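Report on one structure; see the data block that follows.
The values are calculated or read from the model by the stated rules, or taken from the named source; none is laboratory data. Bear in mind that the values here come from a model prediction, so they are computed numbers and not experimental data. Cβ: placed from backbone, ideal geometry, glycine included. Neighbour counts: every protein chain shown. These accessible areas exclude ligands, DNA and RNA; they are computed on the full protein's heavy atoms, side chains included. Shrake-Rupley method; radii C 1.70, N 1.55, O 1.52, S 1.80 Å.
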Amino acid sequence: MTGSVLRITWDGNGWEEWTVSEPIAGRLAKLTYRDSSFGATHGYGYGSNATWSERASMAEIAAFDHTRLKHGYHLWKTDAGTPYLDEGAGTPFWMLGWRPCSSGRCLGGATTATDYYLSTANATSTDRRDTIWHWRRELADARGEHCYTGNSHVKPMLQIIDSAGGFHGWVAVEASLNQTSPSQGTSADDIGVFELSEF
């Protein structure tokens, strides 16, 4: 640390720098991406003293006021082979009313046009990993499916948990490769980072 700047040096792989702030003093640190020696351009990070196994349950997430979460994202995309950055931020995130699944380890919900599914990373997860999966309903309807088996968006996420166990959203990545629109090729890929966070 130099002042509020954190520099991480990776063995044989260069360095990266983040500005550290405290959205909740003494309980939660926020990392704002600055720079790297290896070409990274964007990122999101949070940290606390909470253990890796401390997480918000799906019931707690369903009861959380999702209007408090801001959505920020950076997606590396191409248009006819020309790369560009699709980025934005806003509030609230599109899905606000989650319903618990009978298993207790997942949530479901829907907006006018899109179905959402949020779950732990696997059936035995005891850590902060979650994933969100969503698909356009018209695409599933066209296949006669309730759960879409085509090219949907799958996003691995980590819960943001403060040192007192409070839930504040997620940091996440997306690596959804186009499979169902051959004419669009990589122009329909979604590769990037995002956050759903109170901060």
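Below are the figures for this structure:
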| item | result |
| --- | --- |
| Per-residue HN-Hα couplings for segment 181-192 [Karplus 6.51, -1.76, 1.60; θ = phi - 60°; Hz; x = Gly/Pro] | 10, x, 5, 8, x, 6, 5, 9, 6, 10, 10, x |
| 17 Å Cα-Cα reach of K155 towards lysines, excluding residues that sit fewer than 8 places from it in its own chain | K70, K77 |
| GNM top mover of W15, W170, W76 - the chain, alpha-carbon springs below 10 Å | W15 |
| Size of charge dipole - the chain - debye, nearest 20, with Cβ of Lys, Arg +1 and Asp, Glu -1, no other charges | 360 debye |
| Largest to smallest accessible area among D86, D79 [probe 1.4 Å] | D79, D86 |
| Geometric extent, Cα atoms of segment 97-181 - Rg, Dmax (angstrom) | 14.2, 46 |
| Accessible solvent surface per residue of the chain, calculated while the other protein chains remain in place, 1.4 angstrom probe, Å² | 54 Å² |
| Carbon and sulfur %, accessible surface of the chain computed with the full protein complex present, 1.4 Å | 53 percent |
| Kirkwood hydrodynamic radius over Cα pairs of segment 1-127, then Stokes diffusion coefficient at 20 °C and 1.002 mPa s, in µm²/s | 120 µm²/s |
| Among 183-191, 153-161, 126-134, the order from most to least packed when residues are scored by Cβ within 10 Å on average | 153-161, 126-134, 183-191 |
